[in-house]
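Read the structure below first, then the notes.
The values are calculated or read from the model by the stated rules, or taken from the named source; none is laboratory data. The structure displayed is predicted, hence computed values, not measured ones. Positions of Cβ are generated from backbone atoms using ideal geometry, with glycine treated the same way; all protein chains shown enter the neighbour counts.
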Amino acid sequence: MSAGQGDSPAGAPSAGTDPRVRAPGIALPSPLAARRLVQAPPIDGARIKERPGDFLVEELQLYDPCGEGEHLYLRIVKEGVPHHEMVDILCRHFDVPPGAIGHAGIKDRVAVTSQTVSIHLPHKPQVGALQDPRIQVLWATWHANKLRRGHLAGNRFSIRIRGIEPVRAPAIWRAIGQLQRTGVPNHFGPQRFGMRTNGHLLGALLLAGRHEELLGELLSTRGSAFPDSERPAREAVDAGLYHEALRLWPRGLDAEYAATRALHRGADARAAVRGIHRDVTELWTDAWQSAVFNRLLDDRIAAGTLASIEPGDVVSKHANGAKFIADEAAFAAAGDESLAARAARLEVSATGPLPGTDAMRPLGAVAERERAAIVALGVDPARLEPGMRGPAGDRRPFRIALSNPEIEAGFDDHGTYARVAFDLPPGAYATVALREALGDGLADASRDAARS
């Protein structure tokens, strides 16, 4: 990775010559998880995702298709295929727009994943078999409704951990056992924040309407660290040579390309940002919300209150996701029905915010801590009050249940490994559970390769 701010080469034109592209005027704390619940020493040298076959994901269906309707449901297994590429393949094969494709969630790229997708085909055309060797169709049937995001019971993961000796398996198993008893801290993983780990900063600048600084972070050399492969394009942007930058951006950087093209055509900063696909800008907003959540979750772990319910908390029922305020009436329950007893059984947990205009608000000291976290992540809380234009927001449990764990150690053609398997609910990250069990030394080979 190349350094960001202040790293322009000697003699290059000033990056400040175009007022539409400015260096970010704020520095935000890291959005990544900083605390662990498991107190065991880290296991050094552990690596995951060296190859797709080491990371298996099985989507657990929420319901079975009924066999009738306008939506074709496919159960597919894909290997090493990014989500957007899978959607493109399905669109071309069935001759439909992206909006016709439904899915319950985005799966890992460097993995072998099994999931259900839907394709809206009201006229039920005759189509042949998919020809891409990386995608296999296990079954196909019809259903009345499009498969929506979140319509899954969870995911089962089976992960080979490389770089460690099999004798470390008992230590990993003890950590997994603790997480099964106490719940897993529900941090958002590094992939939530993009390959440059700056999605939260882009989201904060977007929410604050600081479009010139957003373009500086996205396009220039003066923002966060970036891969060396992007340096020629970024230096061309710094020099105002947008036509040249369009030629130099590496493939796959659609947001950077769209913004550069808009600047080349004379758009102002706001219009250049608005020209970026909405799916991308929503990911930036999601990343900022996730950074706020991770910060507050770290605070609960540090305070020893992860498994507790505090006065004013917004509490979630794990069975159905229903939420309520931990007010005086809620604390009035006693015995097995007390909030403390229900939390100890992992029936309920406190939640943290994905801040937005419609999100349920806590009370008292909990509300003050959430406002402070929003400010620390660069956004005025007034922008997120009801009635304002902004993300709707939501609440997310601070911890989630890990179930059906397994572990084994072995040796294959690629060397020794420890294989762990477990189920997690929708929206939870297997890499976060592994970080809890193995420590911050755990390396994701797929991210390391993408940065190089």
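Annotations
- Close Cβ contacts (under 7 Å, 6 or more residues apart or on different chains) running from residues in the range 233-260 that are touching a residue at least 24 places away in the same chain (Cβ under 8 Å) to residues that are charged (D, E, K, R) comprise GLY240/ASP18.
- Some residue of the range 376-394 being more than 27 Å from ALA27 (Cα to Cα) and in contact with a strand residue (DSSP E or B) (Cβ under 9 Å, 6 or more places away or on another chain): no
- Total residues in the range 261-295, condition surrounded by fewer than 21 Cβ atoms within 10 Å (Cβ to Cβ) and either in contact (Cβ under 8 Å) with a residue 60 or more places away in the chain or not β-branched (Val, Ile, Thr) (or both): 17
- The range 315-327: number of residues that are over 18 Å from ALA401 (Cα atoms) and either modelled with pLDDT under 95 or surrounded by 17 or more Cβ atoms within 10 Å (Cβ to Cβ) (or both): 2
- Which numbered condition VAL110 misses (of (1) over 14 Å from GLY80 (Cβ atoms); (2) aliphatic (A, V, I, L, M); (3) touching a helix residue (DSSP H, G or I) at 6+ places or on another chain (Cβ under 9 Å)): (1)
- Residue match in the range 299-310 (condition: outside any loop (DSSP other than H, G, I, E, B), under 25 Å from PRO31 (Cα atoms) and charged (D, E, K, R)): yes
Here is a yes/no grid of residues against (1) among the aromatic types (Phe, Trp, Tyr); (2) touching a strand residue (DSSP E or B) at 6+ places or on another chain (Cβ under 7 Å); (3) farther than 22 Å from TYR429 by Cβ:
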position: GLY69; (1), (2), (3): no, yes, yes
position: LEU72; (1), (2), (3): no, yes, yes
position: LYS78; (1), (2), (3): no, yes, no
position: HIS84; (1), (2), (3): no, no, no
position: PRO97; (1), (2), (3): no, no, yes
position: ILE101; (1), (2), (3): no, yes, yes
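- Residue, farthest from the chain's Cα centre (by Cα), within the range 38-52, restricted to residues that are part of a loop (DSSP other than H, G, I, E, B) and buried (at least 18 other Cβ atoms within 10 Å of the Cβ): ILE43
- Looking across the range 372-393, the residues that are within 21 Å of PRO311 (Cβ to Cβ) and surrounded by 16 or more Cβ atoms within 10 Å (Cβ to Cβ) come down to ALA373, ILE374.
- Unmet requirement for PRO426, which otherwise passes all of (1) surrounded by fewer than 22 Cβ atoms within 10 Å (Cβ to Cβ); (2) more than 17 Å from the chain's Cα centre (by Cα): (2)
- Options VAL280, VAL292, VAL237; residue that is modelled with pLDDT under 95 and either under 23 Å from the mean Cα position of the chain (by Cα) or farther than 27 Å from GLY183 by Cα (or both): VAL280
- Residue check for GLU217: in contact (Cβ under 8 Å) with a residue 12 or more places away in the chain, of a type outside the set (A, V, I, L, M, F, W, C) and over 24 Å from GLY105 (Cβ atoms): yes
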